[in-house]
Amino acid sequence: MSSASDIYRNRACLGMPMPLERHWWVRTLFPTADTYLSQGGADTNYGTSADLKVGKYTNWNCNSILTFNLAALPTPFTVVGALFSIYTNYADGAGTLAIDRLLRTDWVEAEATWNHYKGTTDWGTVGALNAATDYTNVNEVSTPGLAATNWVTFDLRGQVQYAIDSVSGIAHFLLRDISAVTTVDYAFNSNAAATNKPNLIVCGYQP
C-alpha cells in the first residue's frame, strides 16, 4: 500500500474500527527540518541543500536527519499506517537504507553538521551514530538495493506512534546505511528540492 487511499480501501484488514466516519484521520506532512551530515565537510551545514545524502566511503561518510511535526493529528491517536516516502535521485552501491528514531530532539537545521547537532554541541558520536545518545534502532525499518530516480516508501508507524505518545508529537528520523559493503552513495530529494519532496502520510483514528 503506497497511499492514503490504499490504506482506506484496506482499512478492515488493517484492523481499523468500523464505521470510521467520525474517527478516520489522514494527514500528509512534509519535513519541518532536514539536512545531511557529511564527514567530508565535518563542520559544514547543509540545511539549505536540495539533497539528503547517505554514503559510506573512505573519509566521506554521510547520514541524513529529518523532523516532522504531527500537531495536525488529534490526541490521543492510534496510528495504523505512517508511510514515509523519499525520492532517490542518485544511487550507487548495494547498501541497505535504515531509518531510526533520532534521540537529539533539539537539533537545529541551520546548525547541524557531522560534528555537532546544534552550535558547538557535539553528537555522542560524529555523524549522529551513538546508539545510546544520538539514535535508537527500536522500531528501525530498512530496505536494501535502492534504485535511482525512484520513490522508496517505509511504514514508520512504530516511530510515529512513539512521537505522538512521548515526544510531544514531533518525529525525528535518522537515515543511515547499515549494510556490510564498504562503498555506498545515495542522494535523495530534500524538502528544499523543487519537486518530489519527502513526505509522511499518517493514517489512524482517535480512540
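The values are calculated or read from the model by the stated rules, or taken from the named source; none is laboratory data. This is a predicted model, so every value here is computed, not measured. When we count neighbours, we look across all protein chains shown, and the Cβ atoms used for this are built from the backbone with ideal geometry, even at glycine.
Checking the condition more than 18 Å from the chain's Cα centre (by Cα) and over 20 Å from ASN61 (Cα atoms), which residue from GLY93, GLY81, GLY119, GLY124 passes?
Within the list GLY93, GLY81, GLY119, GLY124, the selection yields GLY119.
Which one of these does TYR162 not meet: (1) in contact (Cβ under 8 Å) with a residue 60 or more places away in the chain; (2) not in a helix (DSSP H, G or I)?
Going through the list (1) in contact (Cβ under 8 Å) with a residue 60 or more places away in the chain; (2) not in a helix (DSSP H, G or I), TYR162 breaks only (2).
Taking the condition of a type in the set (Val, Ile, Thr), in a strand (DSSP E or B) and either modelled with pLDDT of 95 or more or closer than 20 Å to GLN39 by Cβ (or both), does VAL181 pass?
no
Tell me yes or no: at least one residue of the range 168-183 is farther than 28 Å from TYR57 by Cβ, of a type outside the set (Ser, Thr, Tyr) and surrounded by fewer than 16 Cβ atoms within 10 Å (Cβ to Cβ).
The answer is yes; a qualifying residue exists.
Which ones in the range 119-156 are within 20 Å of GLY40 (Cα to Cα), crowded, with 16+ Cβ neighbours inside 10 Å and free of Cβ contacts under 8 Å to residues at least 40 places away in the same chain?
TRP123
Could you count how many residues in the range 74-105 are under 18 Å from GLY145 (Cα atoms), out of contact with any Phe, Trp or Tyr (no Cβ under 6 Å at 6 or more places or on another chain) and either not in a loop (DSSP other than H, G, I, E, B) or not aliphatic (A, V, I, L, M) (or both)?
Residues flagged as under 18 Å from GLY145 (Cα atoms), out of contact with any Phe, Trp or Tyr (no Cβ under 6 Å at 6 or more places or on another chain) and either not in a loop (DSSP other than H, G, I, E, B) or not aliphatic (A, V, I, L, M) (or both) within the range 74-105 amount to 8.
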